[in-house]
Amino acid sequence: AQSVTQLGSHVSVSEGALVLLRCNYSSSVPPYLFWYVQYPNQGLQLLLKYTSAATLVKGINGFEAEFKKSETSFHLTKPSAHMSDAAEYFCAVNSGGYQKVTFGIGTKLQVIP
Amino acid sequence: EPEVTQTPSHQVTQMGQEVILRCVPISNHLYFYWYRQILGQKVEFLVSFYNNEISEKSEIFDDQFSVERPDGSNFTLKIRSTKLEDSAMYFCASSERPDYGYTFGSGTRLTVV
């Protein structure tokens, strides 16, 4: 079985501050991991993905995530928050090529001016 | 950039009526999915479709639901007799392979009254 846990359903940061959104996964096999972003009234957009190559993955809009097997974590970071980063972020896991992707509950990021 | 297109963007229907939600996946993708998101809740898997048949479905996807790929481009979700609790945002997604990540459509907001 595969699952992800996102710690913190709401995170607030000041503009220019570090963004850290936490995700821990559970998978019986080496997983593929994803972060998606959802802006209000829109679909989900793939931010970045880990597929067993480099453990530090860079995505769009300046976001990156680090896969840490020992901690079963895949936290999303951005050095400096921008107002346009305000959105909901979903961590997701796939436990092997042809299985479905399972999403976490999401974290709403608020950026305070 | 290729897109997944969903129609309609909004649908209001009376309880007990049938609805068909339509999706046009990316043309070279082979895997197709429906997910739903009840307001304020997590993104839930409904069904995956590959090689003209359902490859996996969730407990939510009961006999009231069906999917079809009636031609080479469309992928539809039918709800036979809608209930109030079917009100949600329904997302279609497609992928070349699940571990590559999905491309999502913008969603259909279904309101059952």
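Remind me, relative contact order of segment B:8-110 in percent, using alpha carbon pairs under 8 angstrom and six or more residues apart? Write out the running numbers ahead of the final one.
Details: 215 pairs, mean separation 38.9, N = 103.
The normalised contact order for segment B:8-110 reaches 38 percent.
Given the protein assembly as shown, what percent of its DSSP beta bridges are antiparallel, to the nearest 5?
Values: 70 of 79 bridges.
If we restrict to bridges inside the protein assembly as shown, about 90 percent are antiparallel.
I need to check one value: relative contact order of segment A:54-93, counting alpha carbon pairs closer than 8 Å and at least 6 residues apart, in percent.
Details: 32 pairs, mean separation 10.0, N = 40.
After rounding, I find 25 percent.
Expressed as a whole number of Å, what is the distance separating the alpha-carbon centroids of segment A:64-113 and segment B:72-113?
If you average the Cα positions of each part, the centres end up 22 Å apart.
Rank the residues A:K78, A:K108 as a footprinting-exposure proxy: fewest other Cβ atoms within 10 Å of their Cβ go first.
Values: A:K78 21, A:K108 16.
With the fewest neighbours first, A:K78, A:K108 line up as A:K108, A:K78.
Quick one: give the max-minus-min coordinate of the C-alpha atoms of chain B along each principal axis, largest first, in Å.
Each principal axis gives a Cα extent; for chain B these are 37, 26, 25 Å.
Could you run the Karplus curve 6.51 cos²θ - 1.76 cosθ + 1.60 with θ = phi - 60° over segment A:80-95 and give me ³J(HN,Hα) per residue in whole Hz, x for Gly and Pro?
9, 6, 10, 3, 6, 7, 4, 5, 9, 10, 10, 8, 8, 9, 10, 9
Using θ = phi - 60° and the Karplus curve 6.51 cos²θ - 1.76 cosθ + 1.60, what whole-Hz ³J(HN,Hα) does each residue of segment B:22-38 get, with Gly and Pro shown as x?
Listing the rounded values in order: 10, 9, 10, x, 5, 5, 9, 7, 10, 10, 10, 9, 10, 10, 9, 9, 6 Hz.
What lysines sit close enough to B:K57 to cross-link, taking a C-alpha to C-alpha distance under 16 Å and skipping anything fewer than 8 places away on the same chain?
Partners within reach: A:K100, B:K78.
On a straight-distance basis, which aspartates and glutamates could pair with A:K49 in a cross-link, Cα separation under 14 angstrom, same-chain partners fewer than 8 positions away excluded?
In chain and number order, the partners are A:E64, A:E66, B:D99.
Bear in mind that the values in this text are calculations on the coordinates, not laboratory data. This one's a predicted model, so the numbers in the text were calculated from it and none came from an experiment. FYI the Cβ positions are ideal-geometry reconstructions off the backbone, even for glycines, and counts take in every protein chain you see.
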